[in-house]
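A.B. asks: Dropping the structure in here first, questions after.
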Amino acid sequence: MANDLTQRGLTAARVGETNQAHRLLSEAIQQHPDDIEAWLGLAGVVDDLKEKEWCFKEVLALVPDHQEAQAALSLVQEKLTHQQPKDGETLYCYRHPETETGLRCNRCNKSICAKCAKRTPVGFRCSECIREQEDKYYTGSNSDYLVAAVISFPLAFFGVALFTQLLSGFGFFGLLFAFFGTPVVTGFIAEAVRWGVSKRRSRYLGHVVAGCIMVAGLPFILIPLNFFAAIVPSIFVFVGATTVLARLR
């Protein structure tokens, strides 16, 4: 029911789940366009001032004397007026001063060009604001990188040595087994690292583990005993690094 969607959306907004709230409230409005609470809730979770203006106008179209919507709309329109460049003024991207633009980050209000603008569910944002938002999800410390290296390097070295020793003598079938077996082994390495850092997330955790896999496989690639003895560790390094990067995002 629309009322249930609205309540769930408002609850998500209260606990900071902005994207979830945006999805639920938008769905509630699609089902019941006259749901005033959904419109007001949606205005609260979108950052783009144009979108806020649209939400409050929809509320006033339903209830013209809605005092909260009137006051909020006046405030939004005042901010929009200050955002508009003065007559004859040209905006330039803050990262590319030579590039003219008509876009602004809807969070920090900086001028951004099309190359710098990142589309989000609530409008365009600059890379700095995107990174700041992402940082909230990373709870690890620098020591987690050391823990990841200590766990992943010996496991990767043992894995690539074992693969090279066992599979290089089986020709094409050894390569095939290496291709399908590597994600299993390196997936185990990724989970061991995740357990080792107590499931904390770090921006470059996957890169550290991928780097350890590459370093562990390098001697086996550079000093091969035969053709297949060079291809098997190459598969392990390439597929393994890709796997842990995906698992430890």
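A.B. asks: Relative contact order (percent) for segment 127-225, with alpha-carbon contacts under 8 angstrom and 6 or more residues of separation? Walk me through the intermediate numbers first.
C.D. replies: Details: 73 pairs, mean separation 49.1, N = 99.
It comes to 50 percent, rounded to a whole number.
A.B. asks: Rounding to the nearest 10 and keeping the result within 0 to 90°, find how far the Cα-based axis of helix 2-14 lies from the longest principal axis of the chain.
C.D. replies: 70
A.B. asks: Next question, about the same structure. Where does the chain land at 222 nm, in deg cm²/dmol rounded to the nearest 500, when only DSSP H runs of n ≥ 4 count, each adding -39500 (n - 2.57), divided by all residues? Walk me through the numbers on the way to the answer.
C.D. replies: On the way: 10 runs with 168 residues, N = 249.
Using -39500 (n - 2.57) per qualifying helix, the result is -22500 deg cm²/dmol.
A.B. asks: Same structure, new question: Compute the acute angle (0 to 90°) between the alpha-carbon long axis of helix 36-45 and the principal axis of greatest extent of the alpha-carbon atoms of the chain; round to the nearest 10°.
C.D. replies: That helix lies at roughly 50 degrees to the long axis.
A.B. asks: Shifting gears a bit: Please state, rounded to one decimal and in Å, the Kirkwood hydrodynamic radius that segment 142-247 gives when every pair of distinct Cα atoms enters the mean of 1/r.
C.D. replies: 13.5
A.B. asks: For segment 172-191, list residues with backbone N below 12 Å from a point placed 7 Å from the Cα of Phe158 toward its Cβ?
C.D. replies: 189
A.B. asks: Now for a different question. Between Glu191 and Arg249, with labels modelled 7 Å along Cα→Cβ, what's the label distance in nm to one decimal, could you check?
C.D. replies: Here the modelled spin labels are 2.0 nm apart.
A.B. asks: Take peptides 159-165, 177-183 and line them up by average Cβ neighbours within 10 Å, highest first, as a rough protection proxy.
C.D. replies: Those peptides, ordered most packed to least, come out 159-165, 177-183.
A.B. asks: For segment 1-42 and segment 133-162, what is the centre-to-centre distance using only Cα atoms, to the nearest Å?
C.D. replies: Using only Cα atoms, the two centres lie 39 Å from each other.
A.B. asks: Let me ask another. Treating only the Cβ of Lys, Arg, Asp and Glu as charged (+1, +1, -1, -1), what charge dipole size does the chain show about its Cα centre? Round to the nearest 20 debye.
C.D. replies: 1040
A.B. asks: Using the Karplus curve 6.51 cos²θ - 1.76 cosθ + 1.60 with θ = phi - 60°, work out ³J(HN,Hα) for each residue of segment 154-162 in order, rounded to whole Hz, and write x for Gly and Pro.
C.D. replies: x, 5, 5, 4, 5, x, 5, 5, 5
A.B. asks: Collect residues whose amide H, placed 1.01 Å from N in the peptide plane, falls under 5 Å from the amide H of Phe124; neighbours closer than 5 in sequence don't count.
C.D. replies: Placed amide hydrogens put Asn106 under 5 Å from Phe124.
A.B. asks: Mind listing P(r) for the chain? All alpha-carbon pairs, 10 Å bins, whole percents.
C.D. replies: With 10 Å bins starting at 0, P(r) equals 7, 21, 19, 18, 16, 12, 6, 1, 0.
A.B. asks: Moving on to the next point. For the chain: lysine pairs with Cα atoms under 29 Å, gap of 8 or more or different chains, count?
C.D. replies: 29
A.B. asks: Report, largest value first, the span of the C-alpha coordinates of segment 88-136 along each principal axis, in whole Å.
C.D. replies: 38, 18, 16
A.B. asks: Along the positive direction of the dipole of segment 142-247 (beta-carbon charges: Lys, Arg +1; Asp, Glu -1; about the Cα centre), which of Gly217, Leu146, Val237 reaches farthest?
C.D. replies: Leu146
A.B. asks: Quick one: Karplus J couplings for segment 184-191, per residue in order, coefficients 6.51, -1.76, 1.60, θ = phi - 60°, nearest Hz, x for Gly and Pro?
C.D. replies: Whole-Hz 3J(HN,Hα) from phi for segment 184-191: 5, 5, 6, x, 5, 4, 4, 5.
A.B. asks: Can you tell me the orientation of helix 18-31 relative to the chain, as the angle in degrees between its alpha-carbon axis and the longest Cα principal axis, to the nearest 10?
C.D. replies: The angle comes out at about 60 degrees.
Every read-out reported here was derived from the displayed coordinates using simple, explicitly stated rules and does not represent laboratory data. Source: prediction; values computed, not measured. Here Cβ is always computed from backbone atoms with ideal geometry, including for glycine, and neighbour counts include all displayed protein chains.
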